[in-house]
Amino acid sequence: MAKKAAKPVIVPITKAKSRAKAAPRASTPILAAPADAPDARVLDRLWSTVVARKDADPALSHSARLLSRGTAKIAQKFGEEAVECLIEAVSGQTTALVAESADVLYHLLVLWVDAGLRPEHVWAELARREGVSGIAEKAARKPALLAAATRKIP
């Protein structure tokens with residue numbers, strides 16, 4: 001049984017602190033992958049599995065159960081997993097971050113299947129953006145799209 005990570009302590013930020021610039025973050029080294037680690041093709045296999053389970057018995061398949069509950073429930077589960085992933089990232093729990101990241105990717109793929117998307121749609125969008133500065137890409141968006149976009153922390 002996996003040991004559950006300790007819950008992070010949440011400290012409220014006062015207005016004075018929220019206006020202060022954060023100190024530059026020290027460079028975090030990228031962990032080396034094991035020599036026998038799978039590559040990103042595992043996502044294609046996972047997507048295929050979710051598609052195959054779309055019409056399966058919800059009592060026998062978690063993917064089928066999620067898909068049978070509809071877009072709102074799938075989106076809720078994706079959001080919950082994303083928040084858990086963020087908590088682990090902020091708390092510095094690398095092992096838990098890996099596990100939560102896998103949960104986020106799984107629920108994202110379920111969301112894509114529900115929406116009728118194929119991974120290739122997203123890969124094409126990533127390829128379109130490749131080599132373009134994120135700042136330049138955002139500046140080039142149409143003003144109407146920016147007005148409808150969600151607000152993000154800079």
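The values are calculated or read from the model by the stated rules, or taken from the named source; none is laboratory data. In this text the structure is predicted, and so the values were computed from the model without any measurement. Backbone-built Cβ (ideal geometry, glycine too); neighbour counts: all protein chains shown.
A56 passes every criterion in (1) modelled with pLDDT under 95; (2) not in a helix (DSSP H, G or I) apart from (1). Among the residues of this structure, G131 does not count as one that is at positive phi, at pLDDT 95 or above and more than 15 Å from the chain's Cα centre (by Cα). Anything in the stretch 138-154 that is under 22 Å from the mean Cα position of the chain (by Cα) and at pLDDT 75 or above? List them, or say none. Scanning the stretch 138-154 gives a single hit, K138. When the stretch 76-89 is filtered for residues that are under 23 Å from L117 (Cα atoms) and surrounded by 15 or more Cβ atoms within 10 Å (Cβ to Cβ), the ones remaining, listed by number, are K77, F78, E81, A82. Residues in the stretch 109-124 that are touching a helix residue (DSSP H, G or I) at 6+ places or on another chain (Cβ under 9 Å) and in a helix (DSSP H, G or I): L109, V110, L111, W112, V113, D114, A115, P119, H121, V122.
For the condition assigned to a helix (DSSP H, G or I), closer than 20 Å to E120 by Cα and at pLDDT 95 or above, L66 does not qualify.
In the stretch 102-133, which residues are of a type outside the set (A, V, I, L, M) and over 21 Å from A64 (Cα atoms)? The answer is E120, H121, W123, E125, R128, R129, E130, G131, S133.
Evaluating A102 against the criteria (1) surrounded by 13 or more Cβ atoms within 10 Å (Cβ to Cβ); (2) more than 11 Å from the chain's Cα centre (by Cα); (3) of a type in the set (G, A, S) leaves one unmet condition, (2). When V90 is tested against (1) touching a helix residue (DSSP H, G or I) at 6+ places or on another chain (Cβ under 9 Å); (2) touching a residue at least 24 places away in the same chain (Cβ under 8 Å), only condition (1) is not met. Among the residues of the stretch 25-37, is any within 27 Å of R118 (Cβ to Cβ), out of contact with any Lys or Arg (no Cβ under 9 Å at 6 or more places or on another chain) and modelled with pLDDT of 85 or more? There is at least one residue in the stretch 25-37 that is within 27 Å of R118 (Cβ to Cβ), out of contact with any Lys or Arg (no Cβ under 9 Å at 6 or more places or on another chain) and modelled with pLDDT of 85 or more.
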